[in-house]
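Taking it in order: structure first as structure tokens, then the write-up.
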Amino acid sequence: MFTWIGLAVFIFFLLLKITAPYGRYTSTKWGPLVSNKFGWLLMELPALLVLVLFLGPVFTTLSAPSWIMIGLFCFHYINRTFIFPFRLHTKGKKMPLVIVSSGIFFNLVNGFSLGYYFVHFAIYTNAWLTDMRFLSGLVIFFIGMLINWKADNRLIHLRKPGETHYVIPRGWLFNKISCPNLLGELIEWVGFAILCWNLPALTFFIWTAANLIPRALSHHKWYKEKFTEYPADRKAIIPYCI
């Protein structure tokens with residue numbers, strides 16, 4: 001697990017120098033391309049499948065707190081796998097197969113570590129439901145999820161179906177930062193790490209931060225280069241900070 005955390009730190013610094021080539025940065029230089037929506041589905045699905053495979057044999061033995069934790073994780077990934085990609089107004093856009101493959105690997109490892117922990121090590125009695133770590137983490141998780149969903153919804157509706165041009169997002173948290181959607185996801189997984197209070201959940205957050213913070217910095221730089229009128233006082237992902 002600590003080797004996996006070390007790899008996340010390495011990836012963080014790598015992504016500060018090399019922008020992952022998907023979305024607005026997609027390039028054929030990175031090899032064969034696949035449909036953007038199909039790529040998202042392929043990347044996110046393994047996290048759900050691996051967790052289900054692990055939990056099948058112990059379905060009736062897990063405690064209520066464990067089921068809530070697993071349910072929150074699955075709730076996020078059901079949205080990311082089966083709903084979010086098909087809401088995007090990105091008809092015809094593609095992403096490199098290498099990005100899809102790396103996403104599959106990431107979700108397999110994280111799904112495996114969480115599933116293995118819940119099957120072999122998790123000891124959550126019902127008393128955990130009233131523990132402040134669980135309660136505060138739950139609140140933080142849903143705050144992050146709501147920020148993420150609201151920001152995604154605003155970004156999706158910046159363009160009408162069929163449009164591919166980019167515009168400057170405005171209003172709400174977009175007046176403070178370039179990427180409220182990524183901030184929301186960071187907050188979400190901080191909450192998950194707190195309410196679970198275990199190493200695999202913390203590791204999942206570290207990996208999320210290693211991917212999303214450099215992504216937000218890249219987006220912020222791209223906006224400033226593309227739009228001369230881009231608000232100078234906006235930060236990338238944390239208001240008044242980064």
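The values are calculated or read from the model by the stated rules, or taken from the named source; none is laboratory data. In this text, all values refer to a predicted model and were calculated from it rather than measured experimentally. Heads up, the Cβs are rebuilt from the backbone with ideal geometry, glycines too, and the neighbour counts pull from every protein chain shown.
Yes or no, residue by residue, for (1) touching a residue at least 24 places away in the same chain (Cβ under 8 Å); (2) closer than 30 Å to Tyr124 by Cβ; (3) hydrophobic (A, V, I, L, M, F, W, C):
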| position | (1), (2), (3) |
| --- | --- |
| Gly31 | yes, no, no |
| Asn36 | yes, no, no |
| Leu42 | yes, no, yes |
| Ser66 | yes, yes, no |
| Phe73 | yes, yes, yes |
| Arg80 | yes, yes, no |
| Phe86 | yes, no, yes |
| Leu97 | yes, no, yes |
| Ser101 | no, no, no |
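Kindly indicate whether Lys160 is of a type in the set (D, E, K, R) and exposed (fewer than 14 other Cβ atoms within 10 Å of the Cβ). Considered against the rule, which asks whether it is of a type in the set (D, E, K, R) and exposed (fewer than 14 other Cβ atoms within 10 Å of the Cβ), Lys160 comes out as yes.
In the stretch 17-24, the count of residues that are surrounded by 17 or more Cβ atoms within 10 Å (Cβ to Cβ), modelled with pLDDT of 90 or more, closer than 22 Å to Asn148 by Cβ and not small (Gly, Ala, Ser) is one or more.
Of the residues that make up the stretch 50-60, is at least one surrounded by 18 or more Cβ atoms within 10 Å (Cβ to Cβ), touching a strand residue (DSSP E or B) at 6+ places or on another chain (Cβ under 6 Å), touching a residue at least 60 places away in the same chain (Cβ under 8 Å) and not acidic (Asp, Glu)? So far as the stretch 50-60 goes, no, none of its residues is surrounded by 18 or more Cβ atoms within 10 Å (Cβ to Cβ), touching a strand residue (DSSP E or B) at 6+ places or on another chain (Cβ under 6 Å), touching a residue at least 60 places away in the same chain (Cβ under 8 Å) and not acidic (Asp, Glu). Condition check: in a loop (DSSP other than H, G, I, E, B), among the hydrophobic types (A, V, I, L, M, F, W, C) and surrounded by 17 or more Cβ atoms within 10 Å (Cβ to Cβ). Does Ala122 satisfy that? When the stated conditions are applied, Ala122 passes them.
Here's the yes/no breakdown for (1) among the hydroxyl-bearing types (Ser, Thr, Tyr); (2) in a helix (DSSP H, G or I):
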residue	(1), (2)
Leu53	no, yes
Met69	no, yes
Tyr77	yes, yes
Gly92	no, no
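Scanning the stretch 76-115 for residues that are closer than 23 Å to Ile147 by Cβ and among the β-branched types (Val, Ile, Thr) yields Ile78, Thr81, Ile83, Thr90. When you look at Glu225, is it in a helix (DSSP H, G or I) and either free of Cβ contacts under 8 Å to residues at least 24 places away in the same chain or among the hydroxyl-bearing types (Ser, Thr, Tyr) (or both), yes or no? When the stated conditions are applied, Glu225 passes them. Of all residues in the stretch 106-128, those being among the aliphatic types (A, V, I, L, M) and in contact with a Pro (Cβ under 6 Å, 6 or more places away or on another chain) number 2.
Of all residues in the stretch 1-27, those satisfying the criterion of being touching a strand residue (DSSP E or B) at 6+ places or on another chain (Cβ under 8 Å) and either closer than 22 Å to Val109 by Cα or part of a helix (DSSP H, G or I) (or both) are Pro21, Tyr22, Gly23. When Ile140 is tested against (1) surrounded by 15 or more Cβ atoms within 10 Å (Cβ to Cβ); (2) over 30 Å from Lys176 (Cα atoms), just one condition goes unmet, and that condition is (2). Taken over the stretch 191-201, residues that are in a helix (DSSP H, G or I) and over 17 Å from Leu51 (Cβ atoms) amount to 2.
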